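What follows is a set of notes on a single structure, which appears directly below.
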Amino acid sequence: LLLSVLISCVRVAKVAFLPASQDTAYMLIVQLIKYGSLLWFFQALFNILIFKRWQNQTTLKPPEIDAEYRKITNWGYMSTAIFNGALFLFYTIGKAKHIEEMESFFIDSGYPGYFTYLSMLIECTASLLLLLPLPKIIKKYAAFALLFEMIAAVGTHIRNGDPFIASYEALIQIIVILILMYWLAGLKKSISCNSH
């Protein structure tokens, strides 16, 4: 969770406040985001594997299991929701800074120009909903909306014949959303049946 918050704050601060440059400090921040994000991905997958193993091997009694289970799933979910929210905010700020290019891309891809703004609105709103203390069903719809939009983005790049690298960011976001959905599925779920 701490790593997620740190990387997210640095990522958003970079795109919001720092103009792109080639100086050492800027390049250091870029590398921190790059390798910090990579570390977050490995940690997120490792946490899921450890959690699955814990579920299979625990000898705790049902009430203890339930309390521990809720704590783990809540931390896993919040870490991913923060990382996801920062990613979408990062890309939305980037789109806003290059709005004319983004509009041209949408129009050239066969969509109306207002889809640019609709896309940014969906991304920001859904990401925010995932961070707020709302019912699980709302979070689920928000996650599906983001997943659908990212799959549509990849589909658009494929249809346009764009190079694979154009879909890279959307593919990263799809992975993050799938990790988030894994933890979301486990939130507030009782596992008393799984005790040995």
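The values are calculated or read from the model by the stated rules, or taken from the named source; none is laboratory data. Small disclaimer: the values here were computed from a predicted structure and weren't measured. As a convention, Cβ positions derive from the backbone with ideal geometry for all residues, glycine included, and neighbour counts pool all protein chains shown. Areas reflect the complete protein model, heavy atoms only, side chains present, ligands, DNA and RNA absent. Shrake-Rupley method; radii C 1.70, N 1.55, O 1.52, S 1.80 Å.
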(request) Can you tell me the 0 to 90 degree angle between the C-alpha axis of helix 115-131 and the longest principal axis of the chain, rounded to 10? (result) 20 degrees
(request) Find out how many positive minus negative residues lie around S104, taking Lys and Arg as positive, Asp and Glu as negative, among other residues whose Cβ is under 15 Å from that of S104. (result) -3
(request) Taking only protein heavy atoms into account and a 1.4 Å probe, give the accessible area per residue of the chain in Å². (result) 59 Å²
(message) Counting each pair of different Cα atoms once, what's the Kirkwood radius of the stretch 134-190 in Å, rounded to one decimal?
(response) 12.3 Å
(request) Using label points projected 7 Å from each Cα along Cα→Cβ, tell me how many nm separate I172 and Q55, to one decimal. (result) 2.8 nm
(message) What do you get for the angle between helix 62-97 and the principal long axis of the chain? Use alpha-carbon atoms, 0 to 90 degrees, nearest ten.
(response) 0 degrees
(message) What does the extension gain come out to for M27 and L121, with contour length at 0.36 nm per residue minus their alpha carbon separation?
(response) 30.8 nm
(message) If I fit a long axis through the Cα atoms of helix 136-160 and take the longest principal axis of the Cα atoms of the chain, what angle between them do I get, 0 to 90°, rounded to 10?
(response) 40 degrees
(request) Mind counting lysine pairs for me in the chain? Cα separation below 27 Å, and the two need to be 8 or more apart along the chain or on different chains. (result) 29
(request) Mind jotting down a quarter of the surface of the convex hull over the alpha carbons of the stretch 25-104, in square nanometres, one decimal? (result) 7.7 nm²
(message) With only alpha-carbon pairs counted, each pair once and no self-pairs, how large is the Kirkwood hydrodynamic radius of the stretch 106-160 in angstroms?
(response) 12.1 Å
(request) Send over the per residue convex hull volume for the chain, Cα only, as a whole number of Å³. (result) 131 Å³
(message) What does the net charge come to around F115 if you take all other residues with beta carbon closer than 13 Å to its beta carbon, with K and R at +1 and D and E at -1?
(response) -3
(message) Could you tell me the center-to-center distance, by alpha carbons, between the stretch 118-132 and the stretch 147-164 in angstrom?
(response) 19 Å
